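**Student:** Quick one: the structure is below, and I'll ask about it shortly.
Values in this text are rule-based calculations from the coordinates and carry no lab data. These figures come from a predicted structure and were not determined experimentally. Ideal geometry is used to build each Cβ from the backbone, glycine not excepted, and the neighbour counts take in all protein chains shown.
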Amino acid sequence: MERSHLRTRRRSTSEGSSAKPVAAAIEWTIDQRVVIINVSLGFTKVETGVLAPALRKAGESGILVFVVMSNAGPKQAAWPASEQRYAIGIHPYSLERNQISSFTADDVPNSNNLIVPGEVVTTYTLRGPNFEIADGTSYAAPIAPAMATLILAYVDENRCEKEEKKAKALVDIWNLSRTVEMTNLLRSLRSAPRNGCRYTLIPMTLFWETSSEAKSDEEDKLIAWDIIKQLLKNQYVSCTRESWDGTESSRARLAHML
């Protein structure tokens, strides 16, 4: 299968020239019926020419787009991560120091400001068959879509067939493939506030942050599905997603991915 390759800087002051290959790559992923896109770049200005329409199309196609908030330190977050209607923005966090990273962008007003570990991350390097320890928003960004992937895969597991059937009688569980719903679900899993932090830490334990290790698999399933159903019951569909066809196409994309 032909694959797209994209190399670009994390941030750019130009708009059109740098945005075109990114938009083309997003269009390619839409054609390939992917479920989740991770974008490790950002712009200092809003790019409305080609990239905004591509991101909008991805959202309307039921694709979750995760984007880094930037590595610029305590400055304004980059676009499109700063605009919730286009993407789920991700900030870096230090688990060791229990606080945001020194290179974390300022929190975005009226946004969820999701954070995941972005320091002391074990990663594979292209410079040789070796692993290295690295810091950066670009190392944090893949963690959040991996969490979303685990959630979507969990919902579709055979062992959850009974819970899925019950949930589908009440809500459309495949709305989790919408940006608004997945963002709010990840936010609902947040750990307890830490030192007045304005950011939302997504726990690595996902649904089971407060669950006892002694609980059975059946009890754990009930905890997870109660969270999912409650979130979807309370969630209003975003006006920017009204044209999405939803359930069947989203499920087909997930099956294609798995």
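**Student:** Out of residues 5 or more away from V65 or on other chains, whose amide H comes under 5 Å of its own, with H placed 1.01 Å from N in the peptide plane?
**Tutor:** For V65, whose amide H was placed from the backbone, the distant partners under 5 Å are I37, I88.
**Student:** Sequence-distant or interchain residues sharing an amide H contact under 5 Å with V116, placed H: which?
**Tutor:** HN-HN under 5 Å from V116: H91, Y93.
**Student:** Structure shown: which of K166/K229; K162/K221; K166/K233; K165/K233; K57/K168 lie over 19 Å apart, alpha-carbon to alpha-carbon?
**Tutor:** Those over the limit are K57/K168.
**Student:** Do any trypsin sites (Lys or Arg not before Pro) in region 16-81 lie in a DSSP loop with no more than 15 other beta carbon atoms within 10 Å, and if so, which?
**Tutor:** Here the trypsin sites (Lys or Arg not before Pro) that fit, given the DSSP loop and packing criteria, are K45, K75.
**Student:** Write out the GluC sites (Glu not before Pro) in region 19-109 meeting two conditions: DSSP loop, and at most 14 other Cβ atoms within 10 Å of their Cβ.
**Tutor:** Within region 19-109, the qualifying GluC sites (Glu not before Pro) (loop, at most 14 other Cβ atoms within 10 Å) are E96.
**Student:** Sticking with this structure for a sec: State whether region 63-162 is rounded, prolate or oblate according to the following rule on the C-alpha gyration tensor (a ≥ b ≥ c being the square roots of its eigenvalues): a/c under 1.5 gives rounded; otherwise a/b larger than b/c gives prolate, and the remaining case gives oblate.
**Tutor:** Judged from the Cα gyration tensor, region 63-162 comes out oblate (a/c at least 1.5, b/c at or above a/b).
**Student:** Could I have the simple spin-label model distance between I133 and E218, label points 7 Å from Cα toward Cβ, reported in nm to one decimal?
**Tutor:** 4.4 nm
**Student:** What ³J(HN,Hα) values, in whole Hz, does the Karplus curve 6.51 cos²θ - 1.76 cosθ + 1.60 give for region 88-100 when θ = phi - 60°, with x put for Gly and Pro?
**Tutor:** 9, x, 10, 9, x, 8, 9, 5, 5, 9, 6, 7, 5
**Student:** Give a quick list of trypsin sites (Lys or Arg not before Pro) in region 125-167 that DSSP marks as loop, anything other than H, G, I, E or B, with at most 12 other Cβ atoms within 10 Å.
**Tutor:** Those that pass, being in a loop and sparsely packed, are R127.
**Student:** If you add up the charges near A144, with Lys and Arg at +1 and Asp and Glu at -1, over every other residue whose beta carbon is less than 13 angstrom from its beta carbon, what do you get?
**Tutor:** Taking every other residue near A144 into account, the sum is +2.
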